[in-house]
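Down below is the structure, laid out as structure tokens.
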Amino acid sequence: MFSKPKGFIGVDLGAGGVKIVELREEKKRPVLYTYALTSESQDVHQLLAETREKLLAPEAVQIEQKQNIRGDKKAAPMVDASDARVQKYADTLHAACVAAKTSSKIAVGSLPVSAVFHSIVTMPAVDAKEFLGILKAEVKKLLPYSIDDMVLDYQVLESFSTDKVKKIMVSAVPKAIVEFYSKVFRRAGLTLESLEPESMALSRSLIGRDRAVTMLIDMGAERTNFFIIDEAIPITNHSIESGGNKINRLMMSTLGVEESEVPQIKHDLYQRSLAGNGTIDRKTFIDLLMPVIDPIVKQIEYSFGVYFNQTGNEQKKPEKIILTGGAAMVPYLAEYLADYFKIKCYLGDPWARVVHQDKLQPLLNEIGPRMSIAIGLALKNL
């Protein structure tokens, strides 16, 4: 009755589709049981934008929502249960589980970077009874929304703390978003064990226990997220509105091809670039994608500049850049960034910490960048 579940499902509900991975623990090692992914775009960021707009609504609207001054029987929630997207997401997730023939019902879901308020709070060491109250007071000063509308989570960073001063990693997410995802999982027939920021899942699948300072770049369909991982902990995160969709549009306009042809062309170019016999030379392709690459370079420079100028980080240096996400398999991008910043840069392998059949390796390599978050989520309880 109280035995540990045989497996856990990691669920990444991203803008570029649903990705699920089920892992089982065998001989104290995570073993791949099944997986599935879809390619249909989802309006995740539109949902988050609508939620932020409601949270930032004029004070009169906020009071009306919370106190229901109009006298209605029940105030309208921020995420309506009848929202068609709840059922749409649930149907897609359920279909993916059926196709993959998952056996577990216990799932861990991801929270998009744009949905999570993330900050490192420094505060003096205090009595355990006073800790939470003081922490909430500090976070309240930083939050752009009312703390009453947020779900708060925190972790004391012992590696960065002393007996007198504590550094706490704080994450806060709107209750409305938690409510939305809870309904999606429930309607899909899954038990949502927890929700976790994408940064934590990516660090788990791609960094593991490596304590080196690393820049982790997740290139999705609509956004590219940047994380600095220090002591295996995501310390900073930044995001820009540029990703795979913009790369596709550039290739369509420059090469004169249809949208349906772009994925295969990118795949062929990437494989040929690895083999050293690309049909387009590196400079030509990098010049083609410079409208996407230049903002990435600038954001890396900005993130490094901010982090290494902070007190206590002056002597630290980045050791590597790891790329992941569905848009990360861009020919020559890793080489270009490695040459530009003079440090190692490569495509991360999220399957490296998971036992799987050797014959699956070629296929897993192709889909790996899209599955990094889902794998990290499934690894959480193993």
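Nothing in this text is a laboratory measurement; each read-out follows from the coordinates by a stated rule. Just so it is clear, the model here is predicted, and its values are computed rather than measured. A quick note on method: Cβ atoms are made from the backbone with ideal geometry, for glycine too, and the neighbour counts reach across all protein chains shown.
Here are a few things to note about the model shown:
- Prolate/oblate/rounded call for region 242-298, Cα gyration tensor, a/c under 1.5 rounded: oblate
- Ordering of 25-32, 176-183, 10-17, 256-263 by burial proxy (mean other Cβ atoms within 10 Å per residue, highest first): 10-17, 176-183, 25-32, 256-263
- Fully extending the segment from V126 to R209, taken as 0.36 nm per residue of separation minus the present Cα-Cα distance, adds 27.0 nm.
- DSSP beta bridge pairing in region 87-216, given as percent antiparallel to the nearest 5: 70 percent
- Packing, as the average of other Cβ atoms within 10 Å across residues, places the peptides 241-249, 118-126 in the order 241-249, 118-126, highest first.
- Principal semi-axes of the equivalent ellipsoid, √(5λ) from the alpha carbon gyration tensor of region 222-337, are 30, 15, 12 Å from largest down.
- Eligible lysines near K344 by straight Cα distance, threshold 25 Å, same-chain separation 8 or greater: K266, K283, K298, K316, K317, K320
- Scaled against the 2.2 N^0.38 Å expected of a compact globular protein of N residues, the Cα radius of gyration of the chain reads 1.03.
- GNM flexibility winner over the chain from S114, S273, S199 (Cα, springs under 10 Å): S273
- When peptides 331-342, 351-362 are sorted by average Cβ neighbour count within 10 Å, with the highest value leading, the order is 331-342, 351-362.
- Anisotropy class of region 92-155 from Cα gyration tensor, a/c 1.5 cut: prolate
- Descending Cα extents along the principal axes, region 150-224, whole Å: 45, 30, 22
- The alpha-carbon positions of region 293-382 define a convex hull whose volume is 133 Å³ per residue.
- 15 Å cut-off, amide nitrogen to a point 7 angstrom out along V297 Cα→Cβ, residues in region 334-353: 334-343
- Spin-label proximity, S194 to region 145-165 - amide N less than 17 Å from point 7 Å beyond Cα toward beta carbon: 151-158
- Sorted largest first, the spans of the alpha carbon positions of region 141-183 along the three principal axes are 41, 22, 11 Å.
- Set of lysines near K105 by C-alpha distance (under 27 Å), chain-local residues within fewer than 8 positions excluded: K4, K6, K19, K27, K28, K88, K175, K183, K380
- Estimated FRET transfer efficiency (E258, N309; beta-carbon r; R0 51 Å; 0.05): 0.65
- Taking region 314-333 and a reference point 7 angstrom along Cα→Cβ of I367, the backbone N atoms nearer than 17 Å belong to 325-329.
- For region 278-328, the share of alpha carbon pairs falling in successive 5 Å distance bins from zero is 4, 15, 18, 21, 17, 11, 9, 4, 2, 0 percent.
- Simple spin-label estimate for E138 and S161 gives 0.9 nm between the two label positions (7 Å along the Cα-to-Cβ direction from each Cα).
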